[in-house]
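Everything below concerns the one structure shown next.
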Amino acid sequence: MSDRTIDILRDLIAIDSVNPSLASGGGGEAEIANAIAATLRRGGLDVEIQEVAAGRSNVIGILEGRQQGRSLMLCGHMDTVGVAGMDAPFDPVQKDGRIYGRGSQDMKGGLASMIAAILRIAENGGLAAGRMLLAAVVDEEYASIGADALVTKWKADAAVVGEPTDMKIAVGHKGFEWVEITTEGVAAHGSRPADGRDAIMRMARVLARLEKLDHEIQSRKPHPIHGTGSLHASLINGGRELSTYPDWCTLQMERRTIAGEPNRCAFLEVEKILDDLKSEDPEFKASAKFLFSRPPYLTPEDHDLPQMIGALVAGRGMKPVRGGMTFWTDAAILGEAGIPSIVFGPRGAGLHSTLEYVFEEDVLACRDILIELATGFC
Ligand SMILES: [Zn+2]
């Protein structure tokens, strides 16, 4: 027997909502936003469309309680990463209690449970008190312009971000920072070492220092929620042709950050490395550029939301596990805007890889837990 929640999930997977900033030709969020808005309206909710960029709009479903109370936001992103290497990414396949397809785990499974939760409350007599918001946002997989726009207009007393946590109650996650490093050399014919200066070899010196720094960062005392920071060399480019000394090399790197680390810590670390290399070799030429960062997140310790959701998880016979997630989420943006948030979503596997699935029973369990949470919290 098909459950409506699962039907919603299948419909979401069937729509190509690949983030167009990540993958050229990606479907974007216009079609999926229309579908979600229509589903919410059919369920009797007030729906607002918040245009964030051309063809990219957040959808906000609003359910007002009959009395004053607290407000709870359920927030999820509609976009997915690309589909390269997948056979049938938009063809939802149900097998052995799993649903396969791009976005099934990240995070159309969580989104479907949140949509179904607010619809179920609306049709079962509505919300006794407070207010419930369903916020389906654009662009989480790239620059989170959706969540950035959302918090300029919509606030709540708490939020649940339905990213896939394997039913763990995530009360924090790491931040990240992107830095670009360029080394300079001197182009020359490959047969003339006296004239050439090799920018790629110079980058190798930077890379060796970065690797050492990464080991040092990862051997620091772990934060109880965030663990340790880390860094990796993500993208590298340089050189002109085989027979020429390369006069440039560019590296784009990512540093994952934890609470207590200074703003722009990666940029400062890289500048220190470049200064050291310059003082060791006056000919060494390199520069660093800060590209982008998002802060780590911690749910306020005294907030009752983690406790409440923990009791609901335990009430279903599961052991409530509280902790941090490694990946960054829109919860950091909601948190910065003064909305205490947790991250909670279904089990699955394969997010961002070619075989992705979510467990059906978890999508349904998340829905039921969110229904109880909203009625208890608001
Ligand atoms: Zn996600």
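Overall dimensions of segment 277-330, expressed as equivalent-ellipsoid semi-axes from the Cα gyration tensor (√(5λ), whole Å, largest first), are 47, 12, 10.
For the chain, adding -39500 (n - 2.57) for each run of n ≥ 4 DSSP H residues and dividing by the number of residues yields -10000 deg cm²/dmol at 222 nm.
Semi-axes of the equivalent ellipsoid for segment 5-86, computed as √(5λ) from the eigenvalues of its C-alpha gyration tensor and ordered from largest down, come to 27, 14, 11 Å. Given their separation in residues at 0.36 nm each and the Cα-Cα distance between them, LEU22 and ALA194 gain 57.7 nm when the chain is fully extended. Annotation: aspartates and glutamates with alpha-carbon distance below 20 angstrom to LYS212 (same-chain offsets under eight excluded): GLU177, GLU180, GLU254, GLU261, GLU269, GLU271, ASP275, ASP276, GLU280, ASP281.
For the chain, relative contact order (Cα pairs under 8 Å, six or more residues apart, normalised by length) works out to 23 percent. Cα centroids of segment 163-190 and segment 31-52: 34 Å apart.
At the listed q of 0.13, 0.18, 0.20, 0.21 Å⁻¹, the Debye profile of segment 1-138, built from one uniform point per Cα, gives log10 I(q)/I(0) equal to -0.55, -0.97, -1.14, -1.22.
Taking all C-alpha pairs of the chain, those more than 26 Å from each other amount to 56 percent. Residue pairs exceeding 32 angstrom between C-alpha atoms, taken from LYS153/LYS272; LYS95/LYS168; LYS95/LYS174; LYS108/LYS155; LYS221/LYS319; LYS153/LYS319: LYS153/LYS272; LYS95/LYS174; LYS153/LYS319.
Binning the alpha carbon pair distances of segment 142-202 at 5 angstrom intervals from zero yields the distribution 4, 10, 12, 13, 12, 7, 5, 6, 8, 7, 8, 6, 3, 0, expressed in whole percent. The residues of the chain present an accessible area of 44 Å² per residue when probed at 1.4 Å with all protein chains retained. A Förster distance of 22 Å, applied to the separation of the beta-carbon atoms of GLU123 and ASP11, puts the FRET efficiency at 0.75. Between THR152 and GLU48, the modelled labels are 1.3 nm apart [label points 7 Å from Cα along Cα→Cβ].
So what is log10(I(q)/I(0)) for segment 175-294 at q = 0.14, 0.15, 0.21 1/Å, when the Debye sum runs over its Cα atoms only? Values, matching the q order: -0.61, -0.68, -1.11. Under the criterion of Cα pairs below 8 Å and six or more residues apart, the relative contact order for segment 1-81 equals 28 percent.
With respect to the chain, whose longest principal axis is taken over its alpha-carbon atoms, helix 305-315 is tilted by about 60°. Between ALA314 and ASP276, the simple spin-label model (points 7 angstrom out along Cα→Cβ) gives 4.8 nm. Element breakdown for the chain at a 1.4 angstrom probe: carbon and sulfur atoms account for 50% of the accessible area.
The distance from the alpha carbon centre of segment 345-374 to that of segment 194-221 is 41 Å, rounded to a whole number. Computed over segment 234-318, the P(r) tail beyond 18 angstrom holds 66 percent of alpha carbon pairs.
Roughly speaking, what % of Cα-Cα pairs in segment 272-378 are separated by over 16 Å, rounded to a whole number? Pairs farther apart than 16 Å: 72 percent. By the Stokes-Einstein formula, at 0.890 mPa s and 25 °C, segment 47-118 with its Kirkwood radius over alpha-carbon pairs has D equal to 166 µm²/s.
Pairs of Cα atoms nearer than 8 Å and 6+ residues apart set the relative contact order; for segment 175-294 it is 40 percent.
The values are calculated or read from the model by the stated rules, or taken from the named source; none is laboratory data. Remember, predicted model here, so these are calculated numbers, not experimental data. With ideal geometry, Cβ positions are generated from the backbone for all residues, glycine too; neighbour counts draw on all protein chains shown. Surface accessibility is based on the protein's heavy atoms, side chains included, excluding ligands, DNA and RNA. Shrake-Rupley method; radii C 1.70, N 1.55, O 1.52, S 1.80 Å.
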